[in-house]
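Data block below; observations after.
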Amino acid sequence: MMKILLISPAVFPKKNSEKYHQLLLRMSIHGGDSPPLGLEGIASSAMEAGHQVKIIDLRVENLTRLDFVREIKKNVPDIFGLYLTTFNIREALQVAKVMKAVFPKIKIIVGGPHVGIYPQETLKNSEFDLALMGEAENTFCELLEALSGAGDFRKVNGIVYRENGEIKINGNSETIKDLDVLPFPARRLLKGKYRYFGTFREPFTTMMTSRGCPFNCAFCAKIPGSVRTRFASAKRVVAEFLEIKKLGYCEVNVFDDLFTVNRQRVIDVCQGILENKIDISWSIRARTDCIDEEMLVYLKKAGCYRIYFGIESGTDEILKLMNKRTDTRKNMQAMELAHKIGFEIVSYFILGFPGETVETMNATIEFAKKSPTDFASFNMFEPLPASKVHADMIATGVKDGWLDFLELKTNRMPIYHGDLARSEVEKAYKKALRSFYFRPKAIFNLFRMVRNPVRFRNFFLVLISMLILSFFKKDIELIS
């Protein structure tokens, strides 16, 4: 048995004001904090294999460097595990430097989507000892077994490691074809530490019932080695809802890329929730062309109260450039149908996609205001690594700006808006937030949806964060 400490990295705050500032930024950018579902899944697999696991989520613990070290010393682990995305590389390195300075002999294993995109670049950072590519529930346990002396870790698929000064990649980990065989995430390790905008009941948690997306939107990252979409069975999903309820959770945010793509499975899940009388609130993500009235009625009866739609643009021209395979008419009709049945609607919009103009961005803002969406999440476009836009950008001779970001040569993520200037996109972003949220209809709607103290607190934090991003240049730069 090994003692494992898994860490979700974040900035070490120096004073209390920094803690609240970071919280407000996360509320405005991400809607708040959600449990690190990937780490919970890894923890559960490791625990099933007989290991002792603890998770520290620095996003919500708000530990200083000194507090962090003190927490580790209470029960020093055999292995550190660090969750890594391209976006949090700076924070991950900061955390790893602290761990290496105090515990130099303990190996740091990193995993997450970033490793699959930039495996070589990941291990150029000397703070990281080993990296895992692809789905790591099984790979991590195989690696732990090898590190405990039961084998050669270099033979484990999906491992990135150093040998004689050279970085070696041992292929991708084996894809988990049957999601039903995985143990439920170890949610009990982190219960009750999270806030998410609009959450109706607490404590809340997250769930993923599928992996992958069958669509190919130009702005989405497609991790190398990723395969077809896979679904947990409806029986497994209902069983997980039951366990979540037994653990004392009241609400679930289902984080599937696209929960509704398999219509019959959606209906079977809803019927299972109703038959088992599971009293729980939940939300899903959906495409506007993957819903219908019967499905929505089932979802509503089963306790689902909110749908997140990826609308993205208010013009058909830009939707075509994005390869969304929807149009503004279908998008509006789907939102109106969901609104009629009684769902809260959150819509995502992108501003500054390559090919846009000031006029198309303004059209998107007006589309959002005319729609029945309750919340509009406006985002300034960034060329995600491993996306089609990113590949096209490099093919035209534009430098991969993520490499400078990864090498810490800049603290700003790469910008690419085609012919649009960044200043025009920032101006549209501020205009979108102000014109959507600070109008009588939207304010009245927010007050209408405040039904309990939990919602009042979360809505208040969101409004404050919107004010910050609507009026202060400094904080827009922090998310750029």
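The values are calculated or read from the model by the stated rules, or taken from the named source; none is laboratory data. From a predicted model like this one, the values you see are computed outputs, not experimental measurements. Glycine also receives a Cβ, built like all others from the backbone with ideal geometry; neighbour counts cover every protein chain displayed.
Things worth noting here:
- Of Tyr298, Tyr249, Tyr305, all but one fail to be of a type in the set (Ser, Thr, Tyr), in a helix (DSSP H, G or I) and either farther than 30 Å from Val425 by Cβ or within 24 Å of the chain's Cα centre (by Cα) (or both); the exception is Tyr298.
- Ile365 meets the conditions (1) within 20 Å of the chain's Cα centre (by Cα); (2) over 21 Å from Asn253 (Cα atoms); (3) β-branched (Val, Ile, Thr) in every case but one. The failed one is (1).
- For Asn172, the conditions (1) touching a residue at least 24 places away in the same chain (Cβ under 8 Å); (2) closer than 20 Å to Phe80 by Cβ; (3) buried (at least 18 other Cβ atoms within 10 Å of the Cβ) all hold with the exception of (2).
- Ile273 vs. criteria surrounded by 21 or more Cβ atoms within 10 Å (Cβ to Cβ), aliphatic (A, V, I, L, M) and within 20 Å of the chain's Cα centre (by Cα): no
- Boolean, Lys105 is without any contact (Cβ under 8 Å) to a residue 24 or more places away in the chain, among the basic types (Lys, Arg) and not in a helix (DSSP H, G or I): yes
- Qualifying positions in the range 433-471 - aromatic (Phe, Trp, Tyr) and either modelled with pLDDT of 80 or more or within 22 Å of the chain's Cα centre (by Cα) (or both): Phe436, Tyr437, Phe438, Phe444, Phe459
- In the range 443-453 there is no residue matching the filter, namely being closer than 29 Å to Gly314 by Cα, of a type in the set (D, E, K, R) and part of a loop (DSSP other than H, G, I, E, B).
- Close Cβ contacts (under 7 Å, 6 or more residues apart or on different chains) running from residues in the range 337-351 that are more than 9 Å from Gly310 (Cα to Cα) and assigned by TED's automatic domain parsing to the domain that holds Leu296 to residues that are hydroxyl-bearing (Ser, Thr, Tyr) and assigned to a helix (DSSP H, G or I) comprise Leu351/Thr364; Leu351/Tyr429.
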